[in-house]
Amino acid sequence: MTTVQPIITTPDLDRLRAFYEGVFGAVEERRHPDDGPAFFVGLRLGDSRLGLVHDAAADPSTPQRILLSVAVDDVDGLLDRVEAAGGRVLGPPTDMPWGQRVAHVHDPDGNMVNLTRPTLGSDGQVRGNHPKGG
C-alpha cells in the first residue's frame with residue numbers, strides 16, 4: 001500500500017497547529033515525544049492526515065514549492081477564520097472554469113493553501129472534484 005502524507009516543517013509548531021485546528025477543525029492524533037515540547041504533531045483533517053515537524057532553522061520567508069489544496073464546505077465562510085487564526089487571504093474567491101470555487105490563502109508560516117469547493121453547472125449538477133462525492 002502506498003500513502004502520501006504531507007509534512008510541514010515550522011519554527012513555531014504550536015502556532016501552525018492552532019491555525020489548522022482553528023480553520024479546518026483539525027484534530028491532533030499523535031505527538032512525539034509525549035512529554036515536553038513536541039517535535040512532531042500528527043493532525044487529522046476529515047479523512048486526511050497532515051504532519052507538522054518543529055525545525056527551529058526553518059525559514060518561513062523561503063519560497064514554498066508545495067501547495068495544500070483543502071476541500072471545504074464553504075470557501076467564502078472560512079476566510080475570516082483564516083485571518084483570525086493568523087493566516088492571510090490573498091484575494092477574493094474565484095469560480096474557476098474547471099468547476100471549483102477557489103480561495104488562495106497563506107497559513108501563518110506563508111505556506112500556500114487553496115480552499116476549494118465544487119461549483120454547480122447550468123444543469124444544477126456539481127462540476128468540480130470534491131471528495132465528499134461531488
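Structure notes:
- Sparse packing (at most 16 other Cβ atoms within 10 Å of the Cβ) combined with a DSSP loop state is found for the following chymotrypsin sites (Phe, Trp or Tyr not before Pro) in region 1-103: F39, W98.
- Unit charges on C-beta of K, R, D, E only; dipole of region 1-87, Debye: 300
- Projected area averaged over orientations for the chain, convex hull of C-alpha atoms, nm²: 9.5
- Cα-based helix-to-principal-axis angle, 13-24 vs the chain, degrees rounded to 10: 20
- Computed over the chain, the per-residue total of -39500 (n - 2.57) for DSSP H runs of n ≥ 4 gives a 222 nm mean residue ellipticity of -5000 deg cm²/dmol, rounded to 500.
- Backbone phi angles across region 39-45, fed through the Karplus curve with coefficients 6.51, -1.76 and 1.60 (θ = phi - 60°), yield HN-Hα couplings of 9, 10, 10, x, 10, 10, 10 Hz in residue order; Gly and Pro are listed as x.
- Folded to 0 to 90 degrees: helix 75-84 orientation relative to the chain principal axis, Cα: 30
- Contact order for the chain, expressed relative to its length and based on alpha carbon pairs under 8 Å spaced 6+ residues apart, stands at 21 percent.
- M112/D35 FRET efficiency (R0 41 Å; Cβ-Cβ; nearest 0.05): 0.75
- Relative protection proxy for 70-76, 90-96, from highest mean packing down: 70-76, 90-96 (other beta-carbon atoms within 10 angstrom).
- The loop-placed trypsin sites (Lys or Arg not before Pro) in region 15-113, going by DSSP, that have at most 15 neighbouring Cβ atoms within 10 Å of their Cβ come out as R65.
- Pair Q64, D95: separation of 7 Å Cα→Cβ label points (nm): 2.8
- Selection from A26, A85, H54, by position along the positive dipole direction of the chain (Cβ): A26
Every read-out reported here was derived from the displayed coordinates using simple, explicitly stated rules and does not represent laboratory data. This is a predicted model, so every value here is computed, not measured. Heads up, the Cβs are rebuilt from the backbone with ideal geometry, glycines too, and the neighbour counts pull from every protein chain shown.
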